Amino acid sequence: MLIVFINAAVCVLLLALPVRAETLEVLHWWTSASERRAADFLVSRLEKEGLDWKDAAIPGGSGLGAMKVLKSRVLSDKAPQAAQLIGPAIAEWGDLGLLLELDGVAKQAKWGASILPTPYASVRLRGHVIAAPLGVHRINTLFYNQKIFKQLGLQPPQTWPEFERTADKIKRAGFIPLAQSGEPWQVATLFESLVLSEGGPAYYRDLFVRRRANAFFDPRLGRALERLRALRRYMPDPIAEKSWTLTAKMLAKDEAAMMMMGDWVKGELNAWGLATDVAFGCVAVPGTADMHLYSIDTLVMFAGNYSRQDAQEKLAQLIVSPAVQAGYNRIKGSVPVRRDADIRQMDSCSRSSWQTFVKGGMVQAPSLTHRMASDEALKDAIVAQVHRYFMDPQMPTSEAQRRMAGIVRALGAGEKDI
Ligand code: BGC
């Protein structure tokens with residue numbers, strides 16, 4: 001009797017408390033100026049829905065630190081309500097039963113019909129929707145400094161011979177031709193664009209998605225590796241392990257004339273007040289004009305004890321809605337995941353990215369470095385190997401190829417295809 005009475009009293013008390021906004025803790029690695037603005041845009045949209053975004057931002061380009069923190073939090077039963085998780089990891093974590101299924105939201109907002117096939121496939125597991133895609137980044141982007149190009153009368157290069165002629169002229173004029181950091185993930189980001197340029201999407205998938213060990217002995221990989229090394233003569237010397245934002249600063253400050261990196265750099269240059277097509281331009285990395293090396297930023301919701309499900313569903317629904325897609329991606333540098341994206345509102349970089357991406361699987365290749373192609377183990381091992389080869393001019397190219405094939409053999413077969 002007493003227990004019943006106490007329970008009732010507690011209930012009355014709880015009902016009498018003022019209604020507080022529901023809080024969602026979101027773990028991500030968006031800490032640069034543009035990344036922060038893009039996240040803040042989501043925060044403000046969420047606020048309008050009466051929801052609080054509690055920020056768990058872990059600095060570090062490409063999310064190396066964030067993934068470590070996320071894993072340890074999940075293992076110690078302290079998962080946040082939402083987190084940036086991308087690529088095959090989404091299905092792996094879904095298989096462990098950690099993620100909230102978003103089928104209700106997806107059905108109601110018709111995600112199946114409104115999201116492009118590749119991002120939609122990347123958030124599904126055995127017929128269930130288990131994540132909300134935010135935007136598509138293009139990795140094979142070459143940025144160039146308009147001022148330096150105009151001053152020297154140069155056109156953006158489309159082929160490698162053109163690139164070399166252009167870079168030689170830039171070097172003779174006293175500028176750094178290619179801004180580049182020695183940080184392993186940034187070296188690997190350049191490397192994967194070079195692999196795509198040499199071999200195209202099908203060969204790229206043989207390597208990093210299907211993991212065919214024999215494909216690693218192919219001369220196309222050898223050529224990509226050698227180009228990576230040859231490009232060093234156009235990079236700052238010595239090469240420092242600068243963050244990607246500091247590397248982009250070289251382009252922004254007219255010290256370097258070009259940079260090859262994912263189009264989050266566009267968001268960042270814009271955030272620094274540099275307008276696309278005025279201060280800088282962008283084209284595809286030479287030899288990849290009709291190809292799209294992509295990475296899809298995505299939020300997953302952790303099921304926990306289901307106490308925040310309503311708020312999490314609201315966040316998921318908001319993320320994919322047309323207005324949030326347009327606003328967020330404009331700041332972030334990526335393009336919407338929606339079929340009905342309005343290309344008239346995009347700048348030339350985004351338009352070219354979107355128009356290439358929508359051509360579908362034949363032109364698309366998933367970024368290895370940015371976790372779209374494989375699990376963490378293969379990614380980490382290949383990135384380390386590429387970095388070692390890049391830093392050690394003594395290592396024969398065939399040795400690097402042999403080591404990568406060895407990694408793939410040791411880690412086992414990959415997907416048949418995706
Ligand atoms: C993410 C981007 C991010 C970039 C730099 C990539 O892996 O997809 O959203 O801006 O890393 O941190």
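The values are calculated or read from the model by the stated rules, or taken from the named source; none is laboratory data. Nothing here was measured: the structure is a model prediction, and the numbers come from that model. Backbone-built Cβ (ideal geometry, glycine too); neighbour counts: all protein chains shown. To get the accessible areas, we keep the full protein, side chains included, count just its heavy atoms, and leave off ligands, DNA and RNA. Shrake-Rupley method; radii C 1.70, N 1.55, O 1.52, S 1.80 Å.
Dipole magnitude for the chain: computed about the Cα centre from +1 point charges on Lys and Arg Cβ and -1 point charges on Asp and Glu Cβ, it is near 640 debye. Applying both filters, DSSP loop and at most 14 other Cβ atoms within 10 Å, to the trypsin sites (Lys or Arg not before Pro) of the stretch 349-418 gives Lys359, Lys416. Taking a point 7 Å out from the Cα of Arg233 in the direction of its Cβ, the residues of the stretch 180-195 whose backbone N falls within less than 18 Å of it are 180. Accessible surface for the stretch 136-177, divided over its residues, is 48 Å² per residue with a 1.4 Å probe.
If only the Cβ of Lys and Arg carry +1 and only the Cβ of Asp and Glu carry -1, the dipole of the stretch 285-418 around its Cα centre is close to 120 debye. Projecting label points 7 angstrom from Cα along Cα→Cβ for Arg339 and Asp277 puts them 2.8 nm apart. In terms of packing, defined here as the mean over residues of other Cβ atoms within 10 angstrom, the peptides 223-234, 45-56 line up highest first as 223-234, 45-56.
If a/c stays under 1.5 just call it rounded; otherwise compare a/b with b/c (prolate if a/b is bigger, oblate if not). Do that for the stretch 55-98, with a ≥ b ≥ c from the square roots of the Cα gyration tensor eigenvalues. Oblate. Take the Cβ atoms of Gln108 and Lys359, set R0 to 41 Å, and the FRET efficiency comes out at 0.90. Percent of C-alpha pairs per 10 Å bin in the chain, short distances first: 4, 22, 31, 24, 11, 4, 2, 1, 0, 0. For the pair the stretch 295-318 and the stretch 239-259, the centres of their Cα atoms are 36 angstrom apart.
With a threshold of 26 Å on the Cα-Cα distance, the over-threshold entries among Lys171/Lys266; Lys54/Lys242; Lys107/Lys266; Lys71/Lys359; Lys54/Lys359; Lys48/Lys107 are Lys54/Lys242; Lys107/Lys266; Lys71/Lys359; Lys54/Lys359. Within the accessible surface of the stretch 271-418, defined with a 1.4 Å probe on protein heavy atoms only, the carbon and sulfur portion equals 53 percent. Rounded to the nearest 0.05, what FRET efficiency do Leu246 and Ala202 have when you use their Cβ-Cβ distance and R0 = 45 Å? Efficiency at R0 = 45 Å is approximately 0.80. Per-residue ellipticity at 222 nm computed for the chain from its helices equals -15000 deg cm²/dmol, with DSSP H segments shorter than 4 residues left out and the rest contributing -39,500 (n - 2.57). Expressed as a whole percent, the accessible surface of the stretch 91-181 that belongs to carbon and sulfur atoms is 51, based on a 1.4 Å probe. May I ask for the net charge around Arg409, where only other residues with Cβ less than 11 Å from the Cβ of Arg409 are counted and Lys, Arg are +1 while Asp, Glu are -1? Charge balance near Arg409 sits at +4. For the stretch 236-308, the per residue solvent-accessible surface stands at 35 Å², with DNA, RNA and ligands left out and a 1.4 Å probe.
DSSP bridge analysis restricted to the chain gives an antiparallel fraction near 60%, rounded to the nearest 5. Rounded to 0.05, the FRET efficiency of the Tyr306 and Val43 pair, given R0 = 30 Å and the Cβ-Cβ distance, is 0.80.
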